[in-house]
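Input: a single structure, listed below in structure tokens.
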Amino acid sequence: MTNPAKTNSVKTNSGAIRCAIYTRKSTEEGLEQEFNTLDAQRESAEAYIASQRHEGWACLPDRYDDGGFSGGNLERPALKRLMCSRACARMRGGITGESVIICHTRHRRDREEPPGDQQD
């Protein structure tokens, strides 16, 4: 689980830190199952958010699931919708406090290696 606490989150005046969950799977294989990897990633993220409830974390109800989309590029409908909703809310003044995006692992978000993670 990516540690969103490293984002220097600050509680809003209401004390809540809004958490959006982003899930992704590169292929469509298995997505037809009643409970699939996107559901498992979401459950894991919801449990993590629940463990931070004492810090004011609250899970947003919107689902941002990209099933069958590679992490090699940013051309993913749910990711675009998530980023747009954050930007639009900020422009309207709807986000006055902190919000975080929770991903099961960093590679659910993208495939780029952060500085220092490249292997020779």
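Reported count of residues in segment 19-67, each being within 21 Å of Pro77 (Cα to Cα) and in contact with a strand residue (DSSP E or B) (Cβ under 7 Å, 6 or more places away or on another chain), is 21. Is it fair to say Ala20 is closer than 13 Å to Ile101 by Cα, modelled with pLDDT under 95 and within 14 Å of the chain's Cα centre (by Cα)? So Ala20 fits the description; yes.
Among the residues of segment 66-87, the one identified as under 15 Å from the mean Cα position of the chain (by Cα), part of a loop (DSSP other than H, G, I, E, B) and more than 23 Å from Asp39 (Cβ to Cβ) is Leu74. Determine, yes or no, whether Ser9 is part of a helix (DSSP H, G or I) and either of a type in the set (Val, Ile, Thr) or modelled with pLDDT under 90 (or both). Against the criterion (part of a helix (DSSP H, G or I) and either of a type in the set (Val, Ile, Thr) or modelled with pLDDT under 90 (or both)), Ser9 does not qualify. Taking each residue of segment 93-108 that is at pLDDT 65 or above and looking for partners that are of a type in the set (S, T, N, Q) and part of a strand (DSSP E or B) with beta-carbon atoms closer than 8 Å, six or more apart or interchain, yields Cys103/Thr23; His104/Thr23. Just one of the listed residues (Glu29, Glu113, Glu34) is at pLDDT below 90 and part of a loop (DSSP other than H, G, I, E, B), and it is Glu113.
If you go through segment 13-62 and keep only what is of a type in the set (D, E, K, R) and touching a residue at least 24 places away in the same chain (Cβ under 8 Å), you end up with Arg18, Arg24, Lys25, Glu28, Glu46, Glu55, Asp62. Can you name the residue in segment 23-49 that is closer than 17 Å to Ser99 by Cβ and of a type in the set (A, V, I, L, M) and, of all such residues, is surrounded by the most Cβ atoms within 10 Å (Cβ to Cβ)? Per the stated criteria, the residue is Ala45.
A search for C-beta distances below 6 Å between a residue of segment 63-90 that is over 25 Å from Glu43 (Cβ atoms) and any residue that is assigned to a loop (DSSP other than H, G, I, E, B) and hydrophobic (A, V, I, L, M, F, W, C), counting only pairs 6+ apart in sequence or on different chains, returns Ala89/Ile95.
The values are calculated or read from the model by the stated rules, or taken from the named source; none is laboratory data. Not measured: the values here are computed from a predicted model. For neighbour counting, all protein chains shown are included, and Cβ atoms are generated from backbone atoms with ideal geometry for every residue, glycine included.
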